[in-house]
Each structure stands twice: as structure tokens, then as C-alpha cells.
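The values are calculated or read from the model by the stated rules, or taken from the named source; none is laboratory data. All of these numbers come straight from a predicted model, not from anything done at the bench. Here the Cβ positions follow ideal geometry from the backbone for every residue, glycine too, while neighbour counts run over all protein chains shown.
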Amino acid sequence: MHGRPRKATKQEDPAAAAAKSARLRELQSQLLHFHHNRIYTKEAVSVSSKLLEINPEIYTGWNYRKLAFQHNLKEVSDTDTDTDTETIKSAIEDELRMVEVALRRNPKSYGAWYHRKWILGQKLVLANFDHEFRLLDMLLKADARNFHGWNYRRFIARLKDVSEEEELKFTMDMINTNFSNYSAWHNRSMLLSKLLRKKAKGFHEEESILSDEFELVRQALFTDPSDQSGWFYHLWLLDQTSTPHKPHLVSSWPSDKLNIEISAQFKEKCERFPIIFCFNQQVDGVNLATVTINSKLVSSEHITWKPLSANNSRKSKIWVGFLENFNKYCDNSEGLSVEISVHCCESIVHSEFVMKLSHMDHQGKNGDGFEELFLWDCPKSQEINPYLVSYDPWRLRVERVEEDAKWHLDTLSAEIALFKEMSECDEDSKFVKLTLTRLLGAHNSIKSGGSAYFEEILKLYDDLIKLDAPHYRYYRDERSLVLLDQMTSSKDSLVEYCSRCENSSFSCINPQLCINFSGLNLTRIGFVERLLWVQILDLSHNNLTSLLGLEALQLLVCLNLSHNQIMSFTALEPIKSLQSLKVLDLSFNEIGSHPVDTTRYLCSSPLSHSCNVTETMEELARENIKIGDFWEAILLFESLQLAQLDMQGNPVTNERFRVLVEKVIPCLKWLDGKPVR
Amino acid sequence: MAEIPTSDYPTIDPTSFDLIVSSTGLSASLLAAAASVAGKSVLHLDSNPFYGSHFSSLPLPSFLSYISSPSSPPNLYSDVEASSQSLPEPSRSYLVDLVGPRLLYCSDETVDLLLRSGASHHVEFKSVDSSLVYWDGKLCSVPDSRQAIFKDKSLGLTEKSQMMKFFKLVQSHISLTRSGTTTESGEEGGVMIPEEDLEMPFVEFLKKQRLPPKIRALVLYAIAMADYEQDNGDSCKIVVSTREGIETISLYTSSIGRFANAVGAFIYPMYGHGELPQAFCRCAAVKGALYVLRMPVIDILTDKESNKYIGVRLASGQEIFSSKLVLDPSYQIPASLSPRETVVSSNLSSYVAKGVCITDRSLEPNSANILLVFPPKSLHQEQSTAVRALQISGNVAVCPSGFFIVHLSTPCEDAALGKEYINSAMKALFNSRELPAESVQAQTKEEGESVEAPTQEEGETKPTLLWSCAFVQELREASYDGAVSICPMPDANLDFRNILSTTRKLFQNMYPGEEFIPQNSAADNIDDDADEGSPE
């Protein structure tokens, strides 16, 4: 069934085809007639049988049968109680037989399979499981990878309460018959996950079970490296090996033991101070009950926690809470000392930090800053290290590694050695290369100070981009993440990308440190948990199309995105929540280049009633600006208090658009390098 | 031969035929069937009271007397050496193939011929469950398919990928050859093996593919079924060329899955190989051939003047005339009829050493019918030929259920050496029954010392030999002159392909221009051919 070219359907005799379609039309109109008039007589139901036998894809037919089945069942139980079970049994058998006939015509008919499940799922009588399993054996013999069959098998196994162990054995049999079977491998991974989670008998030792599975899948991979099914299973195993099961905190702002020096200007300007938690996986339940704050001056009630995620889910990797009116407390000489404990995700994480007013206050201008144009030419400076020493987002990571990772590291090392050997004799296999790359990455992520493989991984991705051109975007994305991992992996590496911003006049928490990731061919953003403290970020001259992840950088004041490939305002959604953002450079992107923005429906909009039409919009509408064309832009700019915006070199930019921007951002001082008004 | 009163012989009428065949061996029966299909009148005789001649399957006592009988003319079977044990009872329910160990490839020509002639209606087959190779003193399964390679526990990971790569190359070559593509570098990613590689010795080609020795041995002896050690270079008797090797693999792989209910590449006929000649005899009988058993030919009649063949004198004294005659290889042809031409002139070994064993346990649990190969040097450092063994079970109705017959064979020049290989192969596979007292002693000793040792030994316990015998069979080639053809003896091969092609040549020589059992000769039965030919 798989990997075989599809045969062209035989040209039917036109007369026969016409007769067939006429018959179908007639049956169909009869069915609809019965359906609308709720006629469920034997004759009426037999019409639906005839129709579905010819074409099992008519969903109305199946639904009609469900209604008829319920209707007739009710009638039976109302009138006669003695013959009950027998009648029900025969009614069920009729339905099952009907489904079988339909499935013989098309074994992949969703409607037919669903109907069968629906009938048996009612549990009116005990199902004839032998028959069902026999049917499944027949089906899986004809087409071992048919996912309908596998789905149905899971359904029946659950209905009969077949043990996971038994089903696991069945997957092994199927794999032994032919290991090129995605469904069997997939089901195996599902069953194993369940058994391991339950710690069922014989499944206590996860590590030895997984080792056995590695051994098994290796047999498939080495026998036929060009078969993809085994690689998918290997990917699952790798995930089991490299991803910790429990969520844990990977970084926070302010980090533990941090002394924050706050400039007077910052204190004046900002009323809210962000506290950010980053977890390794999506969590929920970060709230007043789980976060306790121990401080003389503030209490946990001062903070509301919200998840930062692009969709509106209640789960997120990143959570932010705002300390309101914090400036009131910073004045005393000891500063504001805060101790936070997070109780979610099974372990408790403590973090202590102190906020103080900076003594070496900026010899600043008065006013609210941004009187001058902010320029992005920050010279490299030598005296950066001291600050980075005080802020240490890498410590948490090192601590985590000490959890007994020996088995994981050993397993990964063994796999790495194996696939290196394989890639030597099979140089052109993208699967070998990709798996090797992932293994190296996983090893890096577990090993403390694991930076050994960065160059190797980057080279492998470069090879893959050449080797497997159709998937180059995926490789480029992955490569970007590896590059970001490498650049942010330690203080020493990050220093290379730091410079000190001298020309700005605005308020900062930290000495004005600019992170410069420009011109690196980045297509994606990652490892933001190591950059939570960043206020000035230069991402210009990359190939960014998406900004997902940037929402975590709550302290960002200046962001340079010029010369990227951002295509729409909806792609800018992540920066909507950056409340401190003042300077945004979007010049020379591709905003407005594409008439259809396919991601538009993902974002909140008045169209989806996920936000309301604002006053500004109404005002713009009065001035004859088609807000329908620009509401993403309006919503974005409305939510930010930008002082400086650069939009040059985007197809969307024109005189009318400038008018709109000036209207929507009343506090804007600079637009496209020119003063506003 | 015992004196039989002449009055016991039936009188044959008519007295003149197109063809007289005196032997019901496979080759002779095929000739009788082919001639009948071609519309010739055929008289088919056999001196024995049973069908099959040297291709028969005989009950154990009859088998033993058949190969040991001094009357079976001159030394076709020799050096018979049976174990001192009494025959397992009921001894007549053990059916021993004279041609064993032998199998049919699901896709080989013999099967096609069975289907074509309608002979398949008279035979049923069972499939061989597994294929083993003796390597490093252990039995390993032969990884003969993608799935078998995946499941194999004895191959290393790299070996698996090397072997699979080789199979893929062969597969691509085969499929391109079949589709008739002639370009050497096939399009669409397919690769063909270049012509000069096809001419080189297969073993050299395998080396060129960088296959390690173990995989080379697997491919050469357990899949391509080479008889002689291929690593010997020039001293090797029959060097398998790459072309031949690939052809066998092609046959092997196309055999897997030809019949839905056959698990592997090989099938074995129910009731033994003796059924095959009988099936063809029936085809001949359907087309009008006349059959008389227990009827030896005692003399060949020649024309006085030309000294050419004209007919035979039977044991009954009756003289029957025909234009062509086919004789059993055991028949002493009068010198007057020579010179003769052999069909295949080769420097083949002149003997094949064989063994027959009876055991009460399978060589491998969960498998009933097993093919096993001992590659050269696996038994002895000097062993220069492969020894093949075939275990067949009660499920092919050749022995009581729960028991097994194991046939062994190896070609040889020197009878003694051949038998030595057979005996050491038997020793490698089975515990001899003569030793039980010793082994019990050894076990009781060890029990006192350690607990682990006995359990380990238990796992390695071999099946016990209930009875065995070894013997040597002479290989005789088919030969012919104008009117008289002599059939070949069973050869040392695993399958009947050579016998078949020899028979085809004999037939073409006898009746040039006639087709050898043409396609539609069983037209009335063609519908259910596919079912009938497949094992149940």
C-alpha cells in the first residue's frame, strides 16, 4: 500500500458511469427525504445502506443511520422488554455488517470507522472482541501501516481493557514482520510512555527499558538507513533521554543574589518593575498561591502573574509579574530587598535580590530622554565584564546538570560514536547527519559547560542545507538556535557580542550595554532565558521572519530589527508586550510586501472579537483611513509607547501611513530619523 | 535379481511404440510426460515395484536395502555405514528421499513445470521455516531478507548495513535487468552491476563490495549455494561467477513471497521427493502413456546390419520395438552402442557423500523444516566443500510427528573424505546415543561443583541421534546417441534446476523441434494452478 505508485483509476465505460451517478443521485435524494422527514423504517434505512455501500464518504448517510439506530432502539425499549437484548444485538450486528461492507469498498473511510466506534462505544451489549480483532488482523495484514486500523485497534484494546504489555508485544510482532511501519513504532512509543509513567511491573527501570529500545531501533536504522520510520522512533527516544520529565526553572530576572543599581531616571520613569521566570517547558499555576514574597516592603499581593505566550493559552514557558510602584521603596539606603520562592513544579526555587538607587548617577540631561535620535553605532568597549559578572544567568543551568545525568550522557555518547561511524560509511544520508546533529545538541544541553560540539553541529547543519535543499528553512532555523546557544553559552562567549552604548540619553537599569547579534544569518530567536536582562538589542541584518521568543525580554528599551525579512505586522505580535520599548527600528523589512498575511488569524483582532475597536481607530476612521487595512499596525503601535520608530524601506510605508503612525503614537518623537511635528 | 516366473509378467500390447522409457526417475518421467504431451506413444517401464527409481522416497528398511543391495548394479551406492542402533519403529513410516537433501525454490523452473504440466494437482508442498548457517561452532539464522537482517542477533550493526547495501545493489540490478534496461548506469537512481564485474568470480565481487568474510560466506554458501570453497582461487573446482551468483540470489528473492502461505524461499513436497516423478508419470498416463512396473529390460535389440537400436527384450521375454529408448543410469549399456555423448561435460566431482539421520528433537525450537549450510572450513580446516543439511518433520508426512529426518550431503572426489565431512557435520549437530552413560556421569560431577554450569549446558543440548547412516553415491551424467538416451543420477545440488535442463536437452535431442511440455499442456486445469502449486 505504501511506497508503490498509485495506479490510474480505470476509465469507466461512460454509459455505466452515467448510470452509476444517476443511481447515486437518486439514492441520495431519497436519503435526504427520509432524513428530513425522520422516517426510520426498515425500507428507509436500507436506502442508506445501498448508498453507503457505493459511496462510504457520505457523512449524512452515517449520521442518518445513527439517528435511525437510536430511534429504533428507543421504540423497542418502549414497547417490549423481553426481546430487548436480542433485538439490540441484531440491530448492532446489522450496523457492524454495514460498516464492514463500506470498509471493504474503502478501508480508509473516516465516516465508516467512526460509525463502528460509535456503535461499539455505546456499550449496549458486550462486543464480540474476537471478531473485531480478527477483522483488524485482516486489515493490518493487507496494509500494516493503515492508521485507521491502528486507531481502531487502540479503541478496541481500550474497550476490552487489553493490557498495555500485550499491545506492546503486538507492536513488536508487527515491527518484526516489517519494521518500516510508522504506526507500529508510534504505538510502541505511546504504550511505553504509559507503562513507564505508571511504573508498571517490569517497567520500573526506565533507563534499562530505554537502552533496550535504543538497541532495537538501531537494528532498523543500520539495516536500512533510508527508511524513515525508525528515525522517528529514534527521535522519540532521544527526546526521552535528553528532556527532563519534570518542569524546572531555567532562569529568572532578577537572578538570585543580584544587586540591581537603578538610575534615578529609571526610577522616575518606571512605575512597574518586571520579575520574570523561565521554565524549561510550559507550565501553569504561577500565581499568588505558588509564589511567595518575603520582603519588608512588598508582599505577594503587589504582583499579578501572567503567562507570556503568543497564543492565549494559560500555559507558558515564561511568566512575568510586575512589581507596581516599586520606586516608592527604593529610596532608603539599604535598598529594596526581595526574596521570592516559587512553589510550582514540585520543587521550590528561591531567589533573592536587592534593588538600590545608583550613586554614580548619569550626568544626564533632564527631560524624559530621547530628545536626541538614538543611533545604533555602539563602539566596542573593554569594561564590560564587571557587569556580566554580577549578572549570572548561567548558574542555574550548571546546578541542574548535577542531577544524575550519567546514564543520559553515556547513552548519548554511545549513540554519537555509533552514528559518527555510520556517517563515515554513508556520507550522503541526511537522516544520519540530522540525527547526529541532534545527538550532539542533546549532549551539549545536558553536559555542564557543554560547548564542545558547537562548531561540529554548525558544520553539520551547513552540510544538511546543501544536502537536503528542500528542507533548508528547517535547518536554517535549527542552525540559528545553535548559534544563539553558542553565543550565549557563557560569559566569555557573550562578551564578544557586547558593546557599550554611549550616545543614548535614556534611563537604564544597567550600564548601557548593547547586545549585538547583527549579520549572523539568524532566522529564529531562542535562548532568551539567558538574555532577560538585555535592554538594547541589535538583531539587524539577519534573516528573521518571526520574532517569537522576544516577548520574554521585558526590559528591552531599544530594539533594532532593520534589514530582516519580516513580512507583516502580525509577525511583530511578540513585541506588543514589551512595555519598556522606546526605540524600534523596522527599516528595510518586507512589511506589506505580501498581500495575503496567512498568520493574521492567529493574532487578536476586532474581527475575531478578541479585542475591541478603540477610540483611536474610530478617530482614524473619521479621517478616512481604512482601519481595516491597518488594524494590526494600529493595535501594535497603540500598545507601545515608542519615542523613536523607523519604518523606511518597507512596502507599506507611505505618506498616509506616516500620518497614521503619528496619530496612533502620540508620544513619538522621531519617525524615520526625522523629528515628528 | 530373484527369479520371477515369467508367467507373472503381463503381456504388453501393442508391441511397438514411439518411445520406451525404462526408469521412473524424475528425468525419465519428465521425458515420458513431455513425449506424451507431444503426441508420441510411450511405454513406461520400471524394474522396481515402486515409482521414482533413484529419485524415489522409500520407507527406511527399503531405503537401506536399496542402497546396500549388491544387486543394484555397479556401485552407484557404496560405503554404506549405518549406525548399530536398531531402526526406529515403526520403521516403515520413515520415508527417506534418495535425492535428499533437496528443495524447490518457489520460483524455480521445476515449480513452473509442475504448474504447466498439471502435475501440481498431484503434489502438495510445505514451506521451509528457516534457513541456518553453521558459523563459529554455532547455528545462526541466514539473514536473507531486509526483515531477517533486522531481526538477526548475530550480525553487528555495521555488518547489517553492509549486507543490506549489497542486497539493495543486487535488487536494483535485478529489477533493471528484468525491466530490460540495457544502459549500464541506470536512470532513476537504479544501479546496474557493470558487465566486467558480472564476469569476475563472485567472491571477488563480494570483496570489491568490501563485505567482511562472514557476510561473504553467508552470501556465497547459504544464499548463492556455492558447493566449493571460493576463496581458493584457481584450485577451486567450480568458481561461481558474479552473474551466476546474482542469478541465484534473484531466484532466491523472487521465491520469497511468491506463494502467500510459504514463509521463505523454499518448499518441500508432502510425502517426500518421490512424489514428483510420480506426478509427472500421471501426466503422461493422462496423455496415454502405458505403465508397467516390475518389468526390467534385460536386453537391447539392434538391427543386425546397421547395428542400430530397434527395441528391447523385457524380463517377460517379450520383445517391444520403438524408435527411441530412455534408460536408467544404472543400466549397463552394451559397448556396441557407444560412442556416446554426455550432455554436460564437466569436471564435476564424481561422488556425493550423503547422510540420513533420525532425531526426536528439532535443531531449532519453533521450526520444523530447516535448511542448514556448513560453509567450507566451518567443520575442518581442510574442508573444501560446503555441507548442506535439511531437516524435515512430521508435518511433511515423512516421519511420525515429533520426529525429524535430517538429510546431509557434500560433493566429493574421495569417498572417505566426503563421509568424514558428513560424519563431523552429524557430530556437530547431534549427540550420539552411544554416549549417554558418559554424559550422565559428567553432569552429576558438575552438579556438585557449580550450579550454573549445568543450566548452561542444558541450553546447548543438541538433539539426540536415534539412528543414522552415511553413504556415497556416484554421480553419473546423462548421455545419448541417436536413439538411446540415459538419464542422469541425482546431482549434488540443492534443487532440480540442473536435472531439468539436462532433461530438456535430452528431449530436444530426441525430438528436435518439439516443445518441452508447452505452456498450455494443462489448459483444462489452468484456473486453479496458483493455489495448487502453493504449499498449504
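Quick look at the values:
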item	result
Check on A:LEU235, of a type in the set (A, V, I, L, M), away from chain B (no Cβ under 14 Å) and buried (at least 20 other Cβ atoms within 10 Å of the Cβ)	no
Filter result (out of contact with any Leu (no Cβ under 9 Å at 6 or more places or on another chain) and surrounded by 14 or more Cβ atoms within 10 Å (Cβ to Cβ)) within the stretch A:123-143	A:VAL125, A:PHE133, A:LEU136, A:LEU140, A:ASP143
Residues of the stretch B:156-169 satisfying the condition of being facing chain A (nearest Cβ under 9 Å) and either touching a helix residue (DSSP H, G or I) at 6+ places or on another chain (Cβ under 7 Å) or in a helix (DSSP H, G or I) (or both)	B:LEU157, B:THR158, B:GLU159, B:LYS160, B:SER161, B:GLN162, B:MET163, B:MET164, B:LYS165, B:LYS168
Pair list, Cβ under 7 Å, 6 or more apart: the stretch A:543-569 residue over 18 Å from A:SER499 (Cβ atoms), other residue assigned to a loop (DSSP other than H, G, I, E, B) and of a type in the set (D, E, K, R)	A:SER546/A:ARG524; A:GLN565/A:GLU590; A:ILE566/A:GLU590; A:MET567/A:GLU590; A:SER568/A:ASP597
Output for the stretch A:43-52, where each listed residue is of a type outside the set (S, T, N, Q) and closer than 15 Å to A:ARG97 by Cβ	A:VAL45, A:LYS50, A:LEU52
Residue check for B:LEU58: at pLDDT 90 or above and crowded, with 24+ Cβ neighbours inside 10 Å	no
Subset of the stretch A:172-216 [more than 14 Å from every other protein chain (Cβ to nearest Cβ) and among the polar types (S, T, N, Q)]	A:SER183, A:ASN187, A:SER189, A:SER193, A:SER208, A:SER211
The stretch B:63-88 - residue that is without any contact (Cβ under 8 Å) to a residue 12 or more places away in the chain and either buried (at least 18 other Cβ atoms within 10 Å of the Cβ) or more than 17 Å from B:CYS357 (Cα to Cα) (or both) and, of those, farthest from the chain's Cα centre (by Cα)	B:PRO70
Filter result for the condition that a residue is of a type in the set (Ser, Thr, Tyr) and under 23 Å from A:ASP428 (Cα atoms), over A:TYR497, A:TYR472	A:TYR472
Test: B:ARG92 is outside any loop (DSSP other than H, G, I, E, B), under 30 Å from B:ASP360 (Cα atoms) and among the charged types (D, E, K, R)	yes
Residue check, B:PRO101 within 14 Å of chain A (Cβ to nearest Cβ), assigned to a loop (DSSP other than H, G, I, E, B) and modelled with pLDDT of 85 or more	no
Scan of the stretch A:417-462 for residues that are away from chain B (no Cβ under 14 Å), surrounded by fewer than 18 Cβ atoms within 10 Å (Cβ to Cβ) and at negative phi, ordered by number	A:LYS430, A:SER445, A:LYS447, A:SER448, A:SER451, A:ALA452, A:GLU455, A:GLU456, A:LEU458, A:LYS459, A:ASP462
Test: A:SER568 is crowded, with 20+ Cβ neighbours inside 10 Å, closer than 18 Å to A:ARG524 by Cα and at pLDDT below 90	yes
Subset of the stretch B:153-179 (residues that are loosely packed, with under 14 Cβ neighbours inside 10 Å and either within 22 Å of B:GLU244 (Cβ to Cβ) or β-branched (Val, Ile, Thr) (or both))	B:ARG178, B:SER179
Those residues of the stretch B:131-150 which are under 21 Å from the mean Cα position of the chain (by Cα) and either more than 14 Å from chain A (Cβ to nearest Cβ) or modelled with pLDDT of 90 or more (or both), in sequence order	B:SER131, B:LEU132, B:VAL133, B:TYR134, B:VAL142
Residue within the stretch A:217-225 that is within 14 Å of another protein chain (Cβ to nearest Cβ), among the acidic types (Asp, Glu) and surrounded by 18 or more Cβ atoms within 10 Å (Cβ to Cβ) present	yes
Conditions (1) in contact with a Ser or Thr (Cβ under 6 Å, 6 or more places away or on another chain); (2) outside any helix (DSSP H, G or I): number failed by A:GLY519	(1)
Single condition A:GLU100 does not satisfy, out of (1) among the charged types (D, E, K, R); (2) out of contact with any helix residue (DSSP H, G or I) (no Cβ under 8 Å at 6 or more places or on another chain); (3) within 30 Å of A:ALA68 (Cα to Cα)	(2)
Residues (in contact with a Phe, Trp or Tyr (Cβ under 8 Å, 6 or more places away or on another chain) and outside any loop (DSSP other than H, G, I, E, B)) located in the stretch A:284-312	A:VAL291, A:TRP305, A:LYS306, A:PRO307
A:LYS7 at pLDDT below 90 and not assigned by TED's automatic domain parsing to the domain that holds A:ALA102	yes
Odd one out for B:SER91, checked against (1) over 23 Å from the mean Cα position of the chain (by Cα); (2) touching a residue at least 60 places away in the same chain (Cβ under 8 Å); (3) surrounded by fewer than 18 Cβ atoms within 10 Å (Cβ to Cβ)	(2)
